[in-house]
Every structure is written in C-alpha cells, then in structure tokens.
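K.L.:
One structure is given below, represented as structure tokens, and several questions about it will come after.
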Amino acid sequence: MRSPGAAPPATGRGGALARIRRCAAWIRWYVKELNGEHAYARYAERARAAGEPVLSRREFEHRRVDRRDGDPREGGRCC
Amino acid sequence: MTVRTFNPVRLAIWTAVAVLGAASWSVLALARGEKISAIWIVAAAVGSYLIAQRFYARFIAYKVLQVDDRRATPAERFDDGVDYHPTDKRVLFGHHFAAIAGAGPLVGPVLAAQMGYLPGTIWIIVGVIFAGAVQDMVVLFFSMRRNGKSLGQMAREEIGRTGGIAALIAVFAIMIILLAVLALVVVNALAESPWGVFSIAMTIPIALLMGCYLRYLRPGRVTEVSLLGFALLIAAIAGGNWVSHSSLADAFTLSPRTLVVCLVIYGFVASVLPVWVLLAPRDYLSTFMKIGVVVLLALGVLFALPDLTVDPLTDFAREGSGPVFAGSLFPFAFITIACGALSGFHSLISSGTTPKMIEKESHVPLIGYGSMLMESFVAVMALVAACVIDPGLYYAMNAPAGVLGDSLQSASEAVAGFGFHITPETLQDMARSVGEDTLVARTGGAPTLAVGIAVILSEAFRSDGMMSFWYHFAIMFEALFILTAVDAGTRVGRFMLQDTIGNVVPRFKDKDWRPGIWITSAAVVLAWGYFLWVGVTDPLGGINQLFPLFGTSNQLLACMALAICTALLVKSGRLKWAWVTGAPLAWALAVTMTASWQKVFSGDPKVGFFAQRAKYQEALDEGTVLAPAKSLDDMATIVTNSTVTGTLSAVFALLTLVVVLACARVAVKAIRNGGSLPLVEAEYVESKIPPLPEAKPVGAVSTPAGSS
C-alpha cells in the first residue's frame, strides 16, 4: 500500500484510459483524505515506525470518534 | 522572495481574467430595462475572486503577515498524528471549507434579494475580498503562530482580561441567537409539509444505521457508508412524495408550534448522545450533500443560463419599506447577507482545528482566503437562485403571514400592494408543481432558495416533472446542514457553559459528569428554544424580527475578530499595514453600530424595537388591537418580544464596543511604546520539511475555489 499521506500523481503521460484511471485514483485519494478514512493507515504507519504496539482499526476508530464527546469543539461546524 | 521572470503567457492569462471580470461588472452595472443573464453575476464573481486570490491574498501573506516557509508550523513541531499533523494544502482547503460552510450564505442573500440583485452582488463579492476573506486568513495566521489558540484565548493573552471575558460572553450569546434563527428557518421550511417532515425525519434512522455500520460492522469505512447514506437519503426524498399522498400524510403534517417542540427535544437528545450515534454520520452526510449541491447548482446555472427577473435596485432599497425585512439599504442589506461576505463565526473555526494542520506558512492564503472565496461563491449561487424566480412569487413567499392574510386571494392582493403581480391561480400552480399545499408566507429563505434551485435544475436537465423532487432535495439539503449545526452548536454551547459554571461549582469542569452534561445541555437548548418559540409565535413574523438580530450579531463578532487582528498587527510593529484589517473593521463597525443604533433608538416602529414596543404598549393600554396582531394576547406577545430583542441588540453592541476599545487601548500603548509591544507568540523553530517541488515559496498557481 502507498504511504497514506502521499497523493497519486494527477497528471502524467500515457493513453486517455491511463489518464482517466489516474484521475479517478486522485479523486479517491482526495475524498479519503478529506473524510478521514486514511487516518488509521497514517496512525498505524507512525506507530510501527516508532516500534509501539498498533491498535486494531476498530479500537482506533472508536477512540477517534469518542474524543469528540470530550471536546465538541473539534470538527466544529459553522453557520 | 524569489525573483519572477517575465512570462508573457501568464501575463496574457491574467489580463484576460481581468478583462472578463471588468466586462461582467459593466454589464451588471449598466443594464437598464433589458433582461440580463445570471451568468454575468457568476462571471463577475469568478473573475474578481481569481484576481483577489492571486494578487491581494498574496500581498497580505508576503507584505503584511510576512509568512516564512523556513519557520516550522505547529503541525510540524507537535506532529502527533492526531491534533497536529502537516496536511496537504488541497486537503486542508477542503476541510476548512467544509467547516466554515453552512446554511448562512444560502439564506441571507435570498432575503437580501428584496433590494435587487446589485447591492447583494456587490457586497458579496467586494465584501469577501476586502473583509470576509481577510478576516478568515489573518485570524488563521495569528492562531497558527500561537500553536492554534482560540480567538478567546488570544484576546485574553494579547488584549487583556476584560476584553477576553466580553468576547467569551458575546460568543455564547451570539451562538444562541444563531441556533434559534437557523432552527426557525427549518421550522418555516417544514411546517405543514408532510413530504418535507417525512424525508427529514428519515435522516434520523439513516444516521443511526450509518453510525452502527461504522461502529460495529466496518469501522472507519467512511466513503462507502456515505454513499450508502446518500442512496437512502434519495430514497427518503422519493418516499416523501408517496407519504404525502397516502393516509400517513396527516401524521406528518405538523404545525410550526409542534415542530418547535420536536426540534427542542431533538436538540437535547442528539447533543447528549455519544458523537458516533448521530452527529458523526450526519456530518459525513451533510458534507457530502454540501459539496455535491454546490457543484450541481453551478453546473445548473451554466446549462440553464437563466435570466434575472429582479431589478438591479428595487424601490425597497431606496425607501427601506420592504416586507421581507425592514430598514434601508445601509446598513440592513449588509447585515442581512451575513455569512457570504463577512462572517464573525469563521474566526472561531480559523482559530480551531485548521491552524494545527497547516504544513507550511505559505499555505495560509489558499486555505484561509481561498475557502472563504468559495463560501462567497455559494452565496452568489443562492442570490442567483433567488433572482431568477418570479418577483410576485418571491414576495408571496417571503412577506410575513400577518401581512399576506389567510387566502391565496389576500396574498395576491398584498403582493399587488407591494407593486408586483401574481394571480391566486399561479400561486396554486406553483405550490402544486413543487408538491406543497401552499407557498404563501414560507419565510426564512430556505423554501425560496429551494424553488430557485428547482427552477434552475429542472431547466438545466429539461425535466419539468422533476420540480417537486428538486424542491424537496434542496429543502433536505438545507435542513440536514441546519440540524447538524443545531446538534454541534448545542454541544459547543454546553462545553462553554460547563467551563464557566465550573469556575464557581468545580464539579461542572468534569466533562464526563452526566448530570452536568444534562443540566448544561438543557440550559442551552431552552435558551435557543425560547427564541425559536418567539420567532414562531411573533405576529410580526419571526424572520422579519430575528434575522436582523442574527446578522448584526454575526458581524459584531467579526468586528471583535478584526479588532483583535488589527491590535496584533500594531503590537507587532506593523502600524503601516494596520489598514488591511483596520479598514474592514471601520466599515463593519459603521454597519453594525448604525444597525444597532436604529434597532434600539429609531422612532420608526418598523425598524426600532423600542419604538415598536411603545406603539403596541400604548394601544394595549387603550385596549385596542393593532394589525397584524389579532388579539390582546398577540399585542402582549409583541410587547414582550420587542423588549427582549431590543435589549439584546443593545447588549451585543456594548460587548463589542468593550472589546474594540480594549484593542484600541493596546494599540495606542504599542505606538507610545515606540511602535511595538512584546507578543505572546510561539518561538521560532527552523523547519525541516523541504518545500514541495510544486509549491514555490509564493504558493505557485493555487487555483482558487471560485473556478470550480
């Protein structure tokens, strides 16, 4: 798997089909960055690099969303 | 700064953008009598945004704020992968936009269309370039330099205790009014509409399902669950049509008063439940819808190329006697447009999560300034949607119920009284085509916007039979946002209240103490619930009475933010650049103080709350009933409401003045001190992140939002 933080190249050489595929890959990457789906991969990579035990995805996602119970200002929305 | 080589292609492109923008403005300003296309508004906006992002935002970043890519940002220094982590600037742009965008820019421009399309267009575009986007960007920068401190903390540390406390109280009070007005918009959109109530009610089980899916089935798979939720949402809208024609229709036909009770209970329950149950899934859904609808509407305008049906400047702008909201062009057009041009609330977001995620200081213009341009583009779209529908229908939908009377005939006559024309039959046909019983007095902006969106989209996709679907799609989209905001806002209000009460009763500081959560949540819900009730029962029309208060308070908050920014610029020895935030501050102060003054002291009972109070109190003492009140009870309601709203207007203005004066004192002290004072800024640390190849120190060609 690619590093979760790095975007796939949005442009490049190749046929029209290859270009569409790269474009779709970029959109998928962007959406998953935006909605936080990459957070676990990013965390797991860090934890592994630091030699710490890695939480399961379930455990990690639970902690991530429950943090907002403690401080609702995170991820706040506006008018 | 890098030396830029002369590039003829780039020069030609920017010249073309400038010519396009200038040409569009000329068409808008010089049009007299003939019909002009709404596309000119969009072109003027996009052209102006591109120029502003490329030149003004960059000027502020490099000359005024002096962003420095060699300096490590808090995201780099504290990188913990949770709160702080360096984020791709395009992703952070999306994050920040999703956080600042809400229902405000959709509603305000619709109401302001009463004054014609020109005042709204000018203020949305010029206002965002010189005030709104500047505020967002400068607050973001100062907060980033202070490790992501909130506006209130910055005020306390840099301005002093009094200013800090005044800012805190103002933020809380303004939030209550905001929640009440947003909820009022939803109530007005859903009242007596079984289709709307059913589809919005269905969002609760849909969110619960999504929440459980993410919690127990496939944790973290947000994209697939959002697609699933979206499909169910569309099914709920389609199902609403069926329900409204079935025997269940009566069960879903709710009066405004019943809806208030439902919303208050919903607000309480939703905000004490864990975030994963309702709030998080709704957040995913509403972000999904938000971006989708903005793109859809922009495409719709491009394909449908609708003509504007409204005059550039109406008589209501000159005389200040409009039925939608009272008051003259200055200051009330600027107040009403609210979030699309300048929004004080954004300063809370700009000093929240975003500054902790900035990778490089040079990303600040794209994220702070660019996101706000995008928000303004949403407001332009809303203005277009309101300006392409028949003006007769516009006034029949937006004047208060008391003025329009009980029948289609009386509404048609009232509209004729405003100088426009619509037959009772047309009113009936329009209502039927969008699948509603009536469109008369559907105030609040949301239904009007929904009609505008439905007209544009059914024109663009050549699908007349889809009008009612698009209408309810638009209502769903607005209501979804607002209900998410009500839930999130109640939580933030509760958090602030817990902290404040915690200073007296320490137990409340414990954020996990259930009774504390329940008591403070109930207090917040009842506070906005009170104003919501006032808005629904006021014989003079809740939107007419409360919307100006909301608009004023939002811009008073902007005054505080701009004053704090100006004081910080002066404190850091940049007096010669203080006009960058000082000029919009002066303008916003002139607008809000004039508006507050008129709301408190004006002798015209349509504008001044206390003049209104005196008029109705006098009549009440004599035992007479003044229209649109229907009974002595109505009269007493008006007297109480105008006392409360008038007092609040005065209190908001005074709190703002306290903060502005505290900032002025600090600025004067800095000048006397030889031009600067020590700042409470985080220390300089050399950055180890190399500049990205495509991100030259000047931010390269950061395509601004407006172009989408």
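K.L.:
Suppose every Lys and Arg Cβ carries +1 and every Asp and Glu Cβ carries -1, with no other charges. What dipole size does the range A:16-70 come out with about its Cα centre, to the nearest 20 debye?
P.N.:
That gives the range A:16-70 a dipole magnitude of about 320 debye.
K.L.:
Let's test this: bin the Cα-Cα distances of chain B at 20 Å from zero up to the farthest pair and state each bin's percent.
P.N.:
Histogram of Cα-Cα distances, whole percents per bin: 18, 53, 27, 2.
K.L.:
Which log10 I(q)/I(0) values, to two decimals, does the range B:11-107 give at q = 0.21 Å⁻¹ under the Debye formula with one point per Cα?
P.N.:
-1.16
K.L.:
Right, next: Would you kindly derive the ³J(HN,Hα) couplings of the range B:101-106 from the backbone phi angles with the Karplus curve 6.51 cos²θ - 1.76 cosθ + 1.60 (θ = phi - 60°), listing them in order in whole Hz, with x for Gly and Pro?
P.N.:
Here the 3J(HN,Hα) series is 7, x, 7, x, x, 7 Hz.
K.L.:
Here is a further query. Where does helix B:371-387 land angle-wise versus the long Cα axis of chain B, in degrees 0 to 90, nearest 10?
P.N.:
Between helix and principal axis, roughly 20 degrees.
K.L.:
Which whole-number percent gives the relative contact order of chain B, counting Cα pairs below 8 Å spaced six or more residues apart?
P.N.:
Rounded, it is 25 percent for chain B.
K.L.:
For the range A:52-68, just list the computed ³J(HN,Hα) in residue order, Karplus coefficients 6.51, -1.76 and 1.60, θ = phi - 60°, integers in Hz, with x standing in for Gly and Pro.
P.N.:
Along the range A:52-68, the couplings run 8, x, 9, 5, 5, 4, 4, 4, 4, 5, 4, 5, 5, 6, 5, 4, 6 Hz.
K.L.:
If you rank B:198, B:508 by fewest surrounding Cβ atoms within 10 Å, what's the result?
P.N.:
B:508, B:198
K.L.:
Got a sec? How would B:559, B:387, A:23, B:339 order by Cβ neighbour count within 10 Å, fewest to most?
P.N.:
Fewest-to-most Cβ neighbours within 10 Å comes out as A:23, B:387, B:559, B:339.
K.L.:
Please report, in whole Å, how far the alpha carbons of the protein assembly as shown spread along each principal axis, starting with the longest.
P.N.:
76, 66, 64
K.L.:
Between 0 and 90 degrees, rounded to the nearest ten: what's the tilt of helix B:408-418 against the longest Cα principal axis of chain B?
P.N.:
That works out to roughly 50 degrees.
K.L.:
Helix B:609-622 versus the longest principal axis of chain B: what angle, 0 to 90°, nearest 10, using Cα atoms?
P.N.:
The angle comes out near 30 degrees.
K.L.:
Within straight cross-link reach of residue B:688, meaning Cα distance under 18 Å, which lysines are found once same-chain residues fewer than 8 apart are removed?
P.N.:
B:89, B:356, B:360, B:696
K.L.:
A follow-up question, please. Given the convex hull of the Cα atoms of the range B:408-502, what is a quarter of its surface area in nm²?
P.N.:
Over every viewing direction, the Cα hull of the range B:408-502 projects on average to 8.8 nm².
K.L.:
Of A:43, B:49, A:30, how do they rank once you tally other Cβ atoms within 10 Å and put the fewest first?
P.N.:
Fewest-to-most ranking of A:43, B:49, A:30: A:30, A:43, B:49.
K.L.:
Right, another one. Sort B:486-493, B:251-258, B:305-312, B:509-516 for me by packing, meaning the mean count of neighbouring Cβ atoms within 10 Å per residue, highest on top.
P.N.:
B:486-493, B:305-312, B:251-258, B:509-516
K.L.:
Name the residue farthest towards the positive end of the dipole of the range B:61-127 from the options B:78, B:118, B:100, assuming +1 on Cβ of Lys and Arg, -1 on Cβ of Asp and Glu, about the Cα centre.
P.N.:
It is B:118.
K.L.:
Also, I was wondering about something else. Beyond 16 Å, what percent of the Cα pairs of the range A:16-70 remain?
P.N.:
57 percent
K.L.:
So, one more: Convex hull over the Cα atoms of the range B:53-197, averaged projected area in nm²?
P.N.:
12.9 nm²
K.L.:
In whole angstrom, how long is each semi-axis of the equivalent ellipsoid of the range B:299-424, when you take the square root of 5 times every eigenvalue of its Cα gyration tensor and sort them from largest down?
P.N.:
Over the Cα atoms of the range B:299-424, the semi-axes work out to 38, 17, 13 Å.
K.L.:
Related question: Count, for each residue of A:29-40, the Cβ atoms from other chains sitting within 10 Å of its Cβ, then give me the mean as a whole number.
P.N.:
Whole-number average of other-chain Cβ neighbours for A:29-40 is 6.
K.L.:
Further question: Output the Cα-based Rg and Dmax of the range B:424-565 in Å, rounding Rg to one decimal and Dmax to a whole number.
P.N.:
In Å, with Rg to one decimal and Dmax whole: 20.7, 63.
Readers should treat all values here as calculations from the given coordinates under stated rules, not as data from a laboratory. Every value quoted in this text rests on a predicted model; they were computed, and no experiment measured them. Cβ coordinates were reconstructed from backbone atoms using ideal geometry, including for glycine residues, and neighbour counts include every protein chain displayed.
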